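Heads up: the structure comes next, in structure tokens.
The values are calculated or read from the model by the stated rules, or taken from the named source; none is laboratory data. None of the values given here were measured: they were computed from a predicted structure. Heads up, the Cβs are rebuilt from the backbone with ideal geometry, glycines too, and the neighbour counts pull from every protein chain shown. Please note that ligands, DNA and RNA were not included when accessible areas were found on the heavy atoms of the full protein model with its side chains. Shrake-Rupley method; radii C 1.70, N 1.55, O 1.52, S 1.80 Å.
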Amino acid sequence: MKNMKKLLLAFALLFVAGAALAGVKIEHWVAPSGARVYFVETHALPILDVQADFSAGSAFDPPGKSGVAGLARGLLDTGAGDMDEEKIAGRLVDLGVRLSGYADYDRAGLTLRTLSSHTERDAAIDLMRTLLAQPAFPEGPLAREKTRTIAAIQEADTKPDHLAAKRFAAAIYPGHPYGATPTAESVAAITRDDIKAFHRAYFSARRAVVAIIGDVSRAEAEAIAQRLTEALPAGVADTPLPEVRSPKQETIKVAHPASQSHIHIGLPAMKRGDPDFYALQVGNYSLGGGGFVSRLMKEVREKRGYAYSVSSYFAPRKLEGPFDMGLQTKRDQAGAALKVAHDVLAEFLAQGPTEQELAAAKKHLIDGFSLRIDSNAKLLGYLAVIGFYQLPLTYLDDFPAKIQAVTAKEVREAFKRHVKPENLVTVIVATD
Amino acid sequence: MVTWGPTWASDMRKILALAALLAFAGAAAANPFEKQLANGLRVIVKEDRRAPTAVHMVWYRAGAMDEYDGWSGLAHALEHMMFKGTKTVAPGGFNKLVAEAGGRDNAFTSEDYTAYFQIVPKRALPEMMRLEADRMGNLVLSDKEFAAEIKVVMEERRLRTDDNPQALVYEALSAVAFQTHPYRRPVIGWMDDLEHMTAADARDWYRRWYAPNNAFVVVVGDVDHKAVFRLAEKTYGKLKAHALPGRKPQKEPEQTGIKRLTVKAPAKLAYLAMAWKAPKLVDVDKDREPYALEVLSALLDGHEAARFPRNLVREQKVAQSAGASYDSMVRGESLFILGGQPGEGRTVADLEMALRGEIKRIQDESVSAEELARVKTQLVAAQVYKRDSMMAQAMEIGFIEASGYHWRDIDKTIATLRTVTAAEVQAVAKKYFKDDTLTVAVLDPQPVDKAVPKKPAFAVRH
């Protein structure tokens, strides 16, 4: 009976613990291991989210072995310490833990969600630590995952959307690791030694960023971050990537029998931490980022019915990440739709947003900011980005004022600096 | 099999007990709150004060299953038209007002329902309720806007279905598995029906189904439920109820023999889908079989240690991917579907045999206590994790209500799932996986470079 009362009280507290996410306080420190740690304490829910990222993305794939980063990350849970893959899978499930991983161009890592009670939490963190520090990369799962990866690549190569994205990356990043995608040949060439060497070199404490949010204290978070990373080699903090060179204006057509043409228009545009970030965000909202209210959506979809989906975005990376305008349209009207998209961009580059558009963009981005951080999962994503790219700890607090300060002139000038027509690449897959 | 020390096991029991009590306490705390307006509209509010935001959803109990042959895709086309203006809001104005308020909005249509939502800073909620109530009663459906928008819908169909081989397989599978039941029609609509759809069809659909007595509102967020009820009275409360068209059960006749079909499309990997007719949940309190089928589905494919990823993908390597799906809570009829891509050097016949083998093993050998415990652990953890997302909580309420159940059934169904026994799982595996009620669909991959570009069958008329 007494226990029951305690539980009911605990439950009531869940609901009065409100507003835990308003005015986010990010704490930052460097663990004794050398890993950088970013932490938000919130006890509103009995859960804990932890993300460990490494500067170990596909940009670090050895030449001719595109796919090593993805396999190294993907094989972490196929055997580690004294556990085989079935034991790892079973243990995660028995703990009620959600573990996911990813590898993009810059980063690779694992994300964990667990109940915050001691037993689950400690076991989950120990498991994650073992996967990160002591993966065995056993031959059996490696061979199987190589086979599955090759099959997935061959399958993806039959899909117009994937083909378009792949050709677009290759065209805007000629000769650069950002332009490489794994092929059947490059994956077939990968050996266990390649994976082990990659893991040793890049999954090190000094390349690690640990983001933690949830129902733990600062002291507990410190212990968690250290426990996760102390068994990793110290490693080298960072290794430079080759510079991104701007591509020449070009149109690439790829044959495919699809009923729709898939179109990308863009170029390498912006690094993380670029001072033009806010101006480009505000401007892109009006151009193609603002969903139904963007110029692209109005001109391509609403006025002409050319496409279901049309948009533009900037995806900043460590080096210049892409600006990408994309749409899909019935193949016999691809030329007409492409012209509309080019015209919308040209007009925007020439004149920038109207004062009305500017005001609407700012209002949306500022008033809607609370939506971007209204869950632990979303905040974890921000923590990880702030940490990995070493953005200011005040990034979230500063966001509204930075957006508010953007002028139409700044948008125009920022677009002129980052989106130069002479470097724009157009890729059309499935065209007549 | 993995075994664990006693310390862990006893702690896990405590956690499970705690979570169960939390779920129970949740019901006792009367959150969500519910009120029905005089015009029949039900308003369900779940207070979640963690962040100053709110989710507002309106669900209409009208979906593709309410369409007639020749009018397929109409529920979804109307969903698109709901953004095209009212007597007082210009076309596109709805999106603009949501965006200006800092919010995001969209809509989705299924066989069972059509739903609209906005995720907004909480201060914008009154405006959202006003706008959504406005388009519930005052939509303007002009010929001109319809003519432009139906082209967008056709592009959507090309994108999602025509150029997506697996989507084509599932479209064909439903069309063959169901002979008379309306689930045989695709939600997006057959292209030929889209080409012949008119603005008058859309106006007719709107007049028939869009009424407060055929809808419900879900609000989750940093709100006071009493204030939301007052707002609902002031906005939705002004709308008048009207009689709804009759609905026929359209019960599918019993299938009496296996059906097989093949879809050819440009792809590298083959695909296999096997669909058995299965019972749906009718009586939340008394039914047992649908719960056992849900547990069976989770045992096969609910997590990384489940039988499909473990046996078919990792051990036998007969599958590149394999999955199980079963939805017991639907307005129409349920299918239990197994599907996947064959592994390297394996055929769809190998995969079919392997999938059948997994069912047979459960028929012959039942399932272990450990496997059942894992499914239940996943359920409990998911209940805690879902509270991190307002949208997930709103969707959960909306789904269950729109499928013809009550939000109070959410906790009941979870509690009942946890009582399912190994014998019950074995019994449904024996009873429902018979060839006579099976439909098998296969994707026969065609070389991309030899395929001929697809052209519309004839010119678009709108």
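Laid out as a table, the results:
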quantity	calculated
Surface share of carbon and sulfur [accessible, 1.4 angstrom probe, percent] for the stretch A:219-375	51 percent
Cα-based equivalent ellipsoid, the stretch B:92-145: semi-axes from gyration tensor eigenvalues, Å	20, 15, 11
Residue-normalised accessible area of the stretch A:135-209, given per residue in Å² at a 1.4 Å probe	38 Å²
Within a Gaussian network of chain A (alpha carbon springs, distance under 10 Å), most fluctuating of A:His162, A:His118, A:His43	A:His118
At q = 0.12, 0.14, 0.19 Å⁻¹, base-10 log of I(q)/I(0) for the stretch A:80-141 (Debye sum, equal scatterers on each alpha carbon)	-0.31, -0.42, -0.74
Spin-label pair A:Ala405/A:Ala237, simplified geometry with 7 Å Cα→Cβ offset, distance in nm	2.6 nm
Residue-level accessible surface for A:Tyr38, protein heavy atoms, 1.4 Å, Å²	10 Å²
Kirkwood Rh, angstrom, the stretch A:321-364 [1 / mean 1/r, Cα pairs]	12.5 Å
Rg/Rh (Cα only; Kirkwood hydrodynamic radius) as it applies to the stretch A:358-432	1.10
222 nm mean residue ellipticity, helices alone, for chain A (DSSP H n ≥ 4; -39,500 (n - 2.57); rounded to 500)	-13000 deg cm²/dmol
Square roots of 5 times each gyration tensor eigenvalue, C-alpha, the stretch B:185-283, largest first, Å	39, 21, 19
GNM flexibility winner over chain A from A:Arg206, A:Arg192, A:Arg317 (Cα, springs under 10 Å)	A:Arg192
For A:Ile373, residues with placed amide H under 5 Å, excluding near neighbours	none
In the B-A interface, the accessible area buried, summed over both sides, Å² (probe 1.4 Å)	6900 Å²
Convex hull per residue volume in Å³, alpha carbons only, for chain B	161 Å³
Rg and Dmax [Cα atoms of the stretch B:166-230; Å; Rg one decimal, Dmax integer]	18.5, 49
Expected-Rg normalisation [2.2 N^0.38 Å, Cα atoms] applied to the stretch B:19-153	1.21
Rough spin-label spacing in nm, given labels placed 7 Å along Cα→Cβ, for A:Asp398 and B:Phe108	3.7 nm
If the convex hull is drawn through the Cα atoms of the protein assembly as shown, its volume per residue in Å³	160 Å³
Helix-derived mean residue ellipticity, 222 nm - over chain B, DSSP H n ≥ 4, -39500 (n - 2.57), to 500	-12500 deg cm²/dmol
Whole-Å semi-axes of the stretch A:268-356's equivalent ellipsoid (Cα gyration tensor)	24, 15, 11
Computed over chain A, Kirkwood Rh from alpha-carbon pairs, angstrom	23.6 Å
Whole-angstrom Cα spans of the stretch B:85-230 along principal axes, big to small	49, 32, 29
The stretch B:324-432 - convex hull of alpha carbons, volume per residue in Å³	147 Å³
Using distinct alpha-carbon pairs, which all enter the 1/r mean, Kirkwood radius of the stretch A:291-415 in Å	16.7 Å
